[in-house]
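Below is one structure, written out as structure tokens; comments come after it.
Laboratory data are not the source of any read-out in this text; all were calculated from the coordinates shown. As the structure is a computational prediction, the values presented were derived from the model and not from experiment. Please note: Cβ atoms are built from the backbone with ideal geometry, for glycine as well, and neighbour counts cover all protein chains shown.
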Amino acid sequence: MLSSKFVNKFALCLASGLALGLSFPKFDIGLLAWVAFVPLFYAVEGETLGRVFGWAWLAGFAGFIVSMYWIVVPLHDFAHVRIEFALLPMMLLAAVMAVYSGAAIWAGELAARRLRIPIVVTMPIAWVALEWVRTYFPIGFPWNLVGYTAYQYIQLIQFAEFTGVYGISALILFFNAVVYMVLLRRGHFRVQALSLSVLTGLLILAIGFGTWRTSELRHAAAVGTIRAAMVQADIPQSLKWDPNFLPKSFKIYQDETAEIAKRGADVIVWPEAAAAFFFQPTDQYPPEFSSDAAYRSALLALARSVNTPILFGAPALAVRDGKMGFYNRAYLISATGEVVAHYDKMQLVPFGEYVPFRAVLGFIVNRVVPGFGDMFAGTHPTLFPLKGAKLGVLICYESIFPDLTRREVDGGADILVNITNDAWYGESSAPYQTLAMAALRSAETKVPMIRDANTGISAVISPAGEITERTPIFERESEIGVVKWRPVRTLYTIVGDLFAEICFALTIIGLAAAWWFPRAMKPLQAVVHEITQQNGRSHATH
């Protein structure tokens, strides 16, 4: 029979995970993130380190289930996996992601206990360290980092230009730890008072700087302005790749493009894979793809007819190492119907566009989704020239990678363009989450973004990370956004993930010290014990 203590701790961890999960879009109760960890901190208090990991893992598992339930949608609706089997990959991914949550809380607690450092110091550092690791290892899945819950608080998130989104995560964890220590009266009173004072100072500094920064960005003179037309054609995912539907989908894009061009635009943007046929850089096609060549010619003719450049996504045939495959590609064609440049997606979606550890997992994946194959990944970014500006393109999933975006901006991008197809996720929370994460890319780099999604949400994101010109989801609607760019170069653009890397280094040093010091103190304790015994014998003799 389970003890009441176990049940209470179990409930606290579930509450912690549920609160964190509800902090993300589309639930969007962002304030919950600022107290979501307090029940977990209370639950792990006094527990063994092994149980600390277990309770933190449970909280993380619950949080990822709530925030990533959308994984079931593409598997069930489009891969036609039975619902009970579609639930398994979602739960497995949540379980794996929860390992990072467990490891972060475990590391913070270990360092706090053995080095006698307050958790207000150890927890934010350890949490950021594991978020940074999750961004790259083992497959790279930085989905829903805690800092994204604050995307709506425009003034607060401006300091991301120094630390990236990781700094916002650190502030939220610090806030949680201070609330825990002060409300539950944990630790020395002086530590509580100092922590509360530091937190108050940081919030005043962050909001004060953010207020000034947003005003400064709003009133700064622009180098140039672009009128970007975002075509949201709302093509159902179930029909998107149906060859019989291709004439109709292409006609929709033609009509929407011709109509919005009348309103005057410097560029017309189509979403990821809007051209549902192979578009090659030249007109050289294998005979079996002659129909694709015809659509290519029609698209070039469309740009000429509207006399406006078109930036769009399309698959492209390729051969690499003797193997036939394809790229997920973005093209820019000029107003005269010439191919200006193209960019190949570099950060592919694991289990969506490639199979990680194919030698081990390929057989299993192909049993679940027959015929699943790998795409080729691009090797370098491409900047598209347009009206004096350089456009850096992010295709779909790439917008959730802070350093990838930063490298495009560091390479000279004046404006970011995120083309995506979120139709895979249906009415779930995923389209809202990808938009929120994209907004932080602009806040970090102070570069505006044009975001065009097949079924929405399309939007313009200001250099401050504010979402404007937002379209409704699952509606056919084309919108024109005015985008201004300025010569701003942030510290994050220059140094990248330095803040997170420092947190990682401090975590490793802290764990090493926590592991070593108890052993190093044993000889000293033995000496003290021996001296005490000798003194005792000496007193007994006298």
Diffusion constant of the range 50-169 at 4 °C, which comes from Stokes-Einstein with the Kirkwood Cα-pair radius and 1.567 mPa s, µm²/s: 83 µm²/s
Once both labels are modelled 7 Å past Cα along the beta-carbon direction, what's the L317-K387 spacing in nm? 3.6 nm
Principal axis box of the range 155-210, alpha-carbon based, largest edge first, Å: 34, 19, 14
As straight-line cross-link partners of K323, the qualifying aspartates and glutamates (C-alpha separation under 14 Å, not fewer than 8 residues apart within one chain) are D374
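Here are some pairs, K5/K26; K390/K484; K390/K446; which of them have Cα atoms lying more than 24 Å apart in this structure?
Details: K5/K26 34 Å; K390/K484 12 Å; K390/K446 15 Å.
The answer is K5/K26.
Among the DSSP beta bridges whose two residues both lie in the chain, what percent are antiparallel, rounded to the nearest 5?
If I count the DSSP bridges inside the chain, around 65 percent turn out antiparallel.
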Electrostatic dipole magnitude of the chain [Cβ: Lys, Arg +1; Asp, Glu -1; Cα centre; debye, to 20]: 1620 debye
Tell me the GluC sites (Glu not before Pro) within the range 38-117 that lie in a loop according to DSSP and have at most 16 other beta-carbon atoms within 10 Å. E45, E47
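Using just the helices of the chain, give the 222 nm mean residue ellipticity in deg cm²/dmol: DSSP H runs with n ≥ 4 each add -39,500 (n - 2.57), and the total is spread over all residues, rounded to 500. The partial results should precede the final answer.
On the way: 16 runs with 273 residues, N = 542.
Taking each H run of at least 4 residues, the total per residue is -17000 deg cm²/dmol.
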Isotropic mean projected area of the C-alpha convex hull, the chain (nm²): 30.9 nm²
A correct fewest-to-most ranking of I508, I457 by other Cβ atoms within 10 Å would be I508, I457
If T405, T468, T282 are placed from fewest to most neighbouring beta carbons inside 10 Å, the sequence is T282, T468, T405
Return the inverse of the average 1/r over all pairs of distinct C-alpha atoms in the range 96-241, which is the Kirkwood hydrodynamic radius, in Å to one decimal. 18.0 Å
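If you take the Cα Rg of the range 373-431 and divide it by 2.2 N^0.38 Å, with N the number of residues, what do you get? Before the final figure, lay out the partial values.
On the way: Rg = 13.3 Å, N = 59, 2.2 N^0.38 = 10.4 Å.
After normalising by residue count via 2.2 N^0.38 Å, the value is 1.29.
Counting only other residues whose beta carbon sits under 12 Å from that of Y425, what net charge do I get with K and R as +1, D and E as -1? Display every interim value, and only then the final one.
On the way: positive: K26; negative: D77, D422, E427.
With Lys, Arg at +1 and Asp, Glu at -1, the neighbours total -2.
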Measuring from centroid to centroid over Cα atoms, what is the spacing of the range 1-75 and the range 96-119 in Å? 15 Å
Degrees between helix 498-541 axis and first principal axis of the chain (Cα, 0 to 90, nearest 10): 10 degrees
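Taking the radius of gyration and the Kirkwood hydrodynamic radius from Cα positions alone, what is the Rg/Rh ratio for the range 60-103, to two decimal places? Don't skip to the answer; put the middle values down first.
Details: Rg = 10.9 Å, Rh = 10.5 Å.
Result for the range 60-103 is an Rg/Rh of 1.04.
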Provide the per-residue ³J(HN,Hα) series for the range 464-481, in order, calculated from phi with Karplus coefficients 6.51, -1.76, 1.60 and θ = phi - 60°, each as a whole number of Hz, with x at glycine and proline positions. 8, x, 7, 8, 10, 6, 7, 9, x, 8, 6, 9, 7, 7, 9, 9, 10, x
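Hand me the trypsin sites (Lys or Arg not before Pro) from the range 93-155 located in a DSSP loop with no more than 15 other Cβ atoms within 10 Å, in residue order please. List each step's numbers first, then the result.
Details: sites: R113, R114, R116, R134; in loops: R116.
Qualifying residues, ordered by number: R116.
Starting from 0.36 nm per residue, how many nanometres of slack lie between N8 and E45 once their C-alpha separation is accounted for? If you can, show how the numbers build up before the last one.
On the way: separation 37, 0.36 × 37 = 13.32 nm, distance 1.27 nm.
Result: 12.0 nm gained on full extension.
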Starting from the Cα-Cα distance between D242 and H219, subtract it from 0.36 nm times their residue separation and give me the gain in nm to one decimal. 3.5 nm
So which lysines pass the test for K251, namely a Cα distance under 20 Å, with those fewer than 8 places away in the same chain ruled out? K240, K262
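Would you mind getting me the FRET efficiency between A377 and R190? Use the beta-carbon distance for r and R0 = 60 Å, nearest 0.05. Please report the intermediate quantities before stating the final value.
Numbers: r = 53 Å, r/R0 = 0.89.
Efficiency for this residue pair is about 0.70.
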